[in-house]
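Asker: First the structure, then my questions, so here it is.
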Amino acid sequence: MTISRRSFLKGAMAGSAASLIGPGLLTSTAAAGVTEQGVWKTAGSHWGAMNALVKGGKVAEVKPFGADQYPTEMLNGIKGLIYNPSRIRYPMVRLEWLKNRHNGDRTTRGDNRFVRLTWDAALDLFHEELERIQTDYGPWALYAGATGWRQTGQVHSCGNHMQRAVAMHGDFVKKVGDYSTGAGQVILPYVLGSTEVYSQGTSWPLILENSNTVVLWGNDPYKNLQVGWNCETHESYAYLEQLKAKVAEGSIRVISVDPVRTKTQKYLDCEQLYINPMTDVAFMLAMAHTLYNEELYSQEFIDAYALGFDDFIAYVQGEDEDGVVKTPEWAEGICGVPAEQIREFARLLAADRTQLLFGWAIQRQQHGEQPYWMGAVLATMLGQIGLPGGGISYGHHYSSIGVPSSGASAPGAFPRNVDAGKTPVHENSDFQGAASTIPVARWIDCLLNPGETIQYNGADVTFPDIRMCVFSGCNPWHHHQDHNRMKKAFHKLETVVTIDYAWNATCRFSDLVLPACTQFERNDIDIYGSYSNRGVLAMHKLVDPLFHSRSDFDIFTDLCRRFGRDEEYRQGLDEMGWVKKLYDECREANKSFSPAPGGDQSTSSMPEFAEFWKEGYADFGPGENWVRHADFREAPEVNALGTPSGFIEISSRKIARYGYDDCRGYPTWMEKAERSHGGPNSDRYPLWLQSVHPDKRLHSQMCESEELRATYAVQGREPIFISPQDAAERGIQDGDLVRAYNDRGQLLAGAVVSDDFPPGVVRIQEGAWYGPVGPEIGALDTYGDPNTLTLDVGTSKLAQAPSANTCIVEIERFEGEAPAVTAFGGPTMVEI
Amino acid sequence: MIEPTSSPTATRPEAGSGSPVDWESEVLVCRWLATLLGSELDDASLERYRQGEATPFLDYLGDAHGISSDVTRLAEALSRLVMFTTPQLELAADFAELFLADARSGAPPYASLYEGNKEGFHGEAAGRMEERLSAAGYAVRREVSEPADHLAVMLDYLATRLQMLAESEGLAREPLRLDIGTFLEHELCSWLPQLVTRSDAVRTASDFYPALLALTDGYCRSLAGRVRSA
């Protein structure tokens, strides 16, 4: 009998099949056609509460939540976020680190290859590293303090999960402050008694009713109110619409003090008062000079509500050690505003009811404490703090601040800390003389200079010798300044663990990367309306976690299982158990809640959980109008501020006692390390680079959405906005690719030539994903992250906050073949 | 999103199309490819390859499908693995680089990403595959947790259809053959050339997976011809 070659091979293949063919990927089910019509569910995000149509196991359509009358176009990016090609799909480990762990080559971090792990293997490694760090070093070697704009939802808040789980294993270095309001939240408690930046502000209806003049100081609310800390419903926009109408009819005058024509200014069609970048304090001192010398200030208010005016005014009058009289003529040479215009502006604000609305940009610069302090001093001199439509706010551009609060209690959250009475596996809390908490923006200084002592807010902070970092839902490779400096710092780290849902730069600079699912892939609960606290939203799971991603709850429960604390971690409850618990506790807290007069009285009692979950929301109704600091104005002794004296502190003895040379006892003008428009180093780098909050994403979130990016990118790069004059002087046309550079780095960006920008000012919006051409220090960033260029110094010894807006650059038309954008492409490979 | 590109394999002759087809052998080939493309090789599997256990598959593909150059390329890639001190890890890193990391930079094995739309994962191709699986009484195993348009899932599905064809008789056979031909041409051969182009552009440590993808593309093209003419 003969056998054909084919028959022989078939037999041989069948013989090999048992060892070479694995189990199939399919399983049998009952045959069925796909007939599902889909179901609408409620969900929420920083971009807005929403209703989503889920069809065939996929999110088919997203619509704004019914209560959101002014939805942002960013909702169009939700599907692109869920199904994005940049999703982290599996637990991954950096190959070099897997081979050699902390003894491996750290210089390849950020440009190396990864290998897939099972969840068990990945969490074992995570646990082993925590164990190694606590055993070989101590809590001072672990930094798990950084947190960011986690996805919305009170059960799965990722920073809480990370910090609770890590804390149950052992202590670690924590952070204080944040990148948005670092200077403001430190200086304002000295001056006004609270951080102010995250405080509810005077209600918009009262501003609309009572203000004659509204000043937007470095403030672009129409842009920034698109996103909110909770599930936003954009109620502020109704008031901006009314403000626009009042501007048109001439009943309110709105003036935007800003070097740039902002989106808000253009929407409101209001006035602009141009000022040179970073010179606001000089301008404001000259205003104070005018108010004082023309006797336009309120001595009565100062006498009743403030301290320290004499020391301050002596400085204004040139009667202190610097001997410079802060006249408008003096300021004109710095701030670029004609002296007479400064006087007229001061007179205008004093003439009638004026509401000052400050943005956060001017405190994100070197000496950023000063403009905020000076703003409070001006408001005090005007004497309108505590009046409806008067005084000062530092938050009306944020998360619906100014929309009346319902007054209801919001749901709590999954705990961030170890339960009371419990101790971690490693009870060691000896930081060996180093600080257990560091100012957040100084953590790269800490990595580069362990053991160094800095001054911070009246205390000494000695940097711990950090060896391992854990990040969850936090992208420091977007939000920290000077990425080339960061590269050097990361060479010192032994282990970096990141939990996220997309391959951003922080993942690429990590050793162990764990895939969290998005907020649309788990059940949760949150408030909607942010500061209005309008209601409670059921955040239904729309689809199962994609690929091998898992919820933060599941990830950290399983981590805790490795040291026998999982039951304690989750307090015996599963995901839906926590959702129901938070709702029931909220319902109990609101038992006696009554909606504001005129509100829907049927909302006074929250329904049972099952009904709420089915309905998708429980509404608290609108809130009542409120005036910030009205209680203080009414009875300053009874309702004292949280300042050392209980009064507004125009001068602070406490700060003066610190003896800082960069933050004295009263607000002062100080030159910056670098400044455009004739400032230091402007002969080499004449353009001020401002890195404002983006218009079409939330910081770096949604930068990965190709659909949205296509609406603003230029030649596939982040836009850089340039004035026509600066563009012409450099031979740059709208749409050109340009290289922006300074001594700290270089990047590619796409030119947008716009007369919204004055000469000497360029803008790249922060949150652009970092994508250098290679691991080397100074490598060209291919997409256009402004933090490739920004300055990494503390605002001052007081706040040690980010100084991102102190940054000058030069730009040139890019010639030659442009490198491909690497920002959205995961880890790249090195030659082996 | 991945843009359509021309493929160096687009004009490959459909070798072996004149010979009678042994569908059961094709079932084995599809399952073998699905295994290789579904997950990384572990040490034991890699050792079996180095011992030559895949030779019957490679010989069959060269013999029955006339894709000798692809077979040779894969065999050479296998033989060169001796250069590595940790070949399993290097192959796993290549696998990750191509298939698992950010899908914009590698050669993601998902049909949806090659259809020119902006949807990303779980696009229309995944929907069509889900319909096919559902109609055939299948679903992707839960623990696999991949969209239905993953190449390995599609090859596994193809294997089930070929098995049915091997077992079918009479009137049922022709519509099944036509359907398999349609599936090969419209759902696999439509994007595999782009996948091969993408993989060839990725700088992997070994040529193993790029060679495997080229082999898969050549095989599907050949099989489509044989199904059409059977």
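The values are calculated or read from the model by the stated rules, or taken from the named source; none is laboratory data. Model, not experiment: these values are computed from the prediction. Note that we place each Cβ from the backbone using ideal geometry, even for glycine, and neighbour counts take in every protein chain shown. In case anyone asks, the SASA skips ligands and DNA or RNA and just uses the protein heavy atoms, side chains included. Shrake-Rupley method; radii C 1.70, N 1.55, O 1.52, S 1.80 Å.
Asker: With the other protein chains left in place, how much accessible area per residue, in square angstrom, belongs to the stretch B:144-230 at a 1.4 angstrom probe?
Answerer: Per residue, the stretch B:144-230 has 30 Å² of solvent-accessible surface.
Asker: Just list whichever of A:LYS79/A:LYS244; A:LYS41/A:LYS580; A:LYS79/A:LYS580 have alpha carbons separated by over 23 Å in the model shown.
Answerer: A:LYS79/A:LYS244; A:LYS79/A:LYS580
Asker: Straight-line reach from A:LYS10: which aspartates and glutamates fall under 20 Å, measuring Cα to Cα and dropping same-chain residues less than 8 apart?
Answerer: Cross-link targets: B:ASP22, B:GLU24, B:GLU26, B:GLU53, B:ASP59, B:ASP63, B:ASP70, B:ASP156, B:GLU167.
Asker: Can you give the convex hull volume per residue for the Cα atoms of the stretch A:601-740, as a whole number of Å³?
Answerer: Value for the stretch A:601-740: 287 Å³ per residue.
Asker: Follow-up question, since we're still on this one. In debye, nearest 20, what is the charge dipole magnitude of the protein assembly as shown about its Cα centre with +1 on Lys and Arg Cβ and -1 on Asp and Glu Cβ, if you could check?
Answerer: The dipole of the protein assembly as shown has a size of about 1720 debye.
Asker: For the protein assembly as shown, count the residues as N, evaluate 2.2 N^0.38 Å, and divide the Cα radius of gyration by that value, please.
Answerer: Here the answer is 1.02, to two decimals.
Asker: Protein chains only, probe 1.4 Å: how do A:THR262, A:THR29, B:THR35 rank by accessible area, largest first?
Answerer: In descending accessible area the options line up as A:THR29, B:THR35, A:THR262.
Asker: Determine how many Å³ per residue the convex hull of the Cα atoms of the stretch A:37-82 encloses.
Answerer: In the stretch A:37-82, the Cα hull volume divided by residue count equals 67 Å³.
Asker: Quick check: convex hull over the Cα atoms of the stretch A:89-212, volume per residue in Å³, rounded to an integer?
Answerer: On the way: hull volume 26.3 nm³, N = 124.
Cα convex hull per residue, to the nearest whole number: 212 Å³.
Asker: Can you give the translational diffusion coefficient of the stretch B:41-94 in µm²/s, computed by Stokes-Einstein from the Kirkwood radius over Cα pairs at 10 °C and 1.306 mPa s?
Answerer: Diffusion coefficient, whole number: 135 µm²/s.
Asker: Grab the Cα-Cα distance for A:GLN571 and A:GLN299, subtract it from 0.36 nm times how many residues apart they are, and report the gain in nm with one decimal.
Answerer: 92.2 nm
Asker: I would also like to ask the following. Nearest 10 degrees is fine. How inclined is helix A:119-136 to the longest principal axis of chain A, computing both from alpha carbons?
Answerer: Here the helix axis deviates by roughly 60 degrees.
Asker: Could you check the simple spin-label distance between A:ASP755 and A:VAL773, using points 7 Å along Cα→Cβ, in nm with one decimal?
Answerer: For A:ASP755 paired with A:VAL773, the spin-label model returns 3.7 nm.
Asker: Packing-wise, with mean Cβ within 10 Å as the measure, how do A:394-406, B:79-91 rank, highest first?
Answerer: Numbers: A:394-406: 26.2, B:79-91: 15.5.
Descending packing order for the listed peptides: A:394-406, B:79-91.
Asker: Placing one identical point scatterer on every Cα of the stretch B:138-230 and ignoring solvent, what is log10 I(q)/I(0) from the Debye formula at q = 0.24 Å⁻¹?
Answerer: Scattering profile of the stretch B:138-230, log10 relative to I(0): -1.23.
Asker: If the only charges are +1 at each Lys and Arg Cβ and -1 at each Asp and Glu Cβ, what is the size of the charge dipole of the stretch A:496-653 around the Cα centre, to the nearest 20 debye?
Answerer: Dipole size: approximately 320 debye.
Asker: So what J values fall out for the stretch A:168-182 if you push phi through Karplus, 6.51 cos²θ - 1.76 cosθ + 1.60 with θ = phi - 60°, rounded to Hz, Gly and Pro as x?
Answerer: Running phi through 6.51 cos²θ - 1.76 cosθ + 1.60 with θ = phi - 60° gives 5, 8, x, 6, 7, 6, 10, 10, 10, x, 8, 7, 8, 10, x Hz.
Asker: Further, regarding this structure: If the viscosity is 1.002 mPa s and the temperature 20 °C, what translational diffusion coefficient in µm²/s does Stokes-Einstein give for the stretch A:414-549 when Rh comes from Kirkwood over Cα pairs?
Answerer: 119 µm²/s
Asker: So, taking all protein chains as they sit and a 1.4 Å probe, how much accessible area belongs to A:TRP229, in Å² rounded to tens?
Answerer: That residue has around 80 Å² of solvent-accessible surface.
Asker: What residues of the stretch A:103-132 lose no less than 40 Å² of accessible area with every protein chain in place versus their chain by itself (probe 1.4 Å, heavy atoms only)?
Answerer: A:ARG113, A:VAL115, A:ARG116
Asker: Let me ask something additional. Under a crude label model (7 Å from the Cα following the beta-carbon direction), how far is B:SER69 from A:GLU585 in nanometres?
Answerer: Label at B:SER69, label at A:GLU585, 6.7 nm between them.
Asker: Let me ask something else. Step by step: find N for the stretch B:70-175, compute 2.2 N^0.38 Å, then divide the Cα radius of gyration by it. What's the final number?
Answerer: Its radius of gyration relative to the 2.2 N^0.38 Å reference: 1.36.
Asker: Also, quick follow-up: Excluding ligands, DNA and RNA, what is the accessible area buried between chains A and B, summed over both sides, using a 1.4 Å probe, to the nearest 100 Å²?
Answerer: 5600 Å²
Asker: Highest first, please rank the peptides A:65-76, A:85-96, A:663-674 by the mean number of other Cβ atoms sitting within 10 Å of their residues.
Answerer: Listed from highest to lowest mean packing, they are A:85-96, A:663-674, A:65-76.
Asker: Note the angle between two axes, namely the Cα long axis of helix A:552-561 and the longest principal axis of the Cα atoms of chain A, as a number of degrees from 0 to 90, rounded to the nearest 10.
Answerer: 60 degrees
Asker: Just to be sure I understand: of the beta bridges DSSP finds with both ends in the stretch A:687-829, what percent are antiparallel, rounded to 5?
Answerer: Antiparallel: roughly 65 percent of the beta bridges in the stretch A:687-829.
Asker: For the stretch A:687-829, which whole percent of the accessible surface, found with a 1.4 angstrom probe, sits on carbon and sulfur atoms? Intermediate results must be reported in sequence, preceding the final value.
Answerer: Details: 1930 of 3940 Å².
The computed percentage sits at 49.
Asker: How much of the calculated P(r) for the stretch A:687-829 lies past 19 Å, in percent of all Cα pairs?
Answerer: Tail fraction, whole percent: 49.
Asker: So, one more: Give me the 1.4 Å probe accessible area per residue for the stretch A:265-320, excluding ligands and nucleic acids, in Å². Intermediate values should be presented prior to the final figure.
Answerer: Details: 2100 Å² over 56 residues.
For the stretch A:265-320, the per-residue accessible area is 37 Å².
Asker: Okay, moving on. With a 1.4 Å probe on protein heavy atoms only, tell me which residues of the stretch B:85-103 lose at least 40 Å² of accessible surface in the complex relative to the chain by itself.
Answerer: Residues shielded by partner chains are B:LEU89, B:GLU90, B:ALA93, B:GLU97, B:LEU100, B:ALA101, B:ASP102.
Asker: Hey, another quick one. Output the antiparallel fraction of DSSP beta bridges having both residues in the protein assembly as shown, as a percent to the nearest 5.
Answerer: Within the protein assembly as shown, antiparallel bridges account for around 55 percent of the total.
Asker: Against the 2.2 N^0.38 Å scaling, with N counting residues, where does the stretch A:157-212 land? I'd like the Cα-based Rg ratio to two decimal places. Walk me through the numbers before you get to the answer.
Answerer: Details: Rg = 17.8 Å, N = 56, 2.2 N^0.38 = 10.2 Å.
Rounded to two decimals, the normalised Rg is 1.75.
Asker: Over 19 Å between Cα atoms: which of A:LYS223/A:LYS696; A:LYS58/A:LYS696; A:LYS99/A:LYS174; A:LYS246/A:LYS266; A:LYS541/A:LYS614; A:LYS175/A:LYS654 fall into that group? Mind showing how you got there, number by number?
Answerer: Values: A:LYS223/A:LYS696 9 Å; A:LYS58/A:LYS696 24 Å; A:LYS99/A:LYS174 30 Å; A:LYS246/A:LYS266 15 Å; A:LYS541/A:LYS614 13 Å; A:LYS175/A:LYS654 23 Å.
Among A:LYS223/A:LYS696; A:LYS58/A:LYS696; A:LYS99/A:LYS174; A:LYS246/A:LYS266; A:LYS541/A:LYS614; A:LYS175/A:LYS654, the Cα-Cα distance tops 19 Å for A:LYS58/A:LYS696; A:LYS99/A:LYS174; A:LYS175/A:LYS654.
Asker: Using +1 on the beta carbon of Lys and Arg, -1 on that of Asp and Glu, and nothing else charged, what's the dipole of the stretch B:20-229 about the Cα centre, debye to 20?
Answerer: Here the size comes out at about 280 debye.
Asker: Moving on. Over the alpha-carbon set of the stretch A:1-139, divide Rg by the Kirkwood Rh and report the Rg/Rh ratio to two decimals.
Answerer: On the way: Rg = 25.4 Å, Rh = 21.5 Å.
Here Rg/Rh amounts to 1.18.
Asker: Mind checking the log10 I(q)/I(0) for the stretch B:20-229 at q = 0.12, 0.13, 0.17 Å⁻¹? Debye, one equal scatterer per Cα, no solvent, two decimals.
Answerer: Each listed q corresponds, in turn, to -0.61, -0.72, -1.24.
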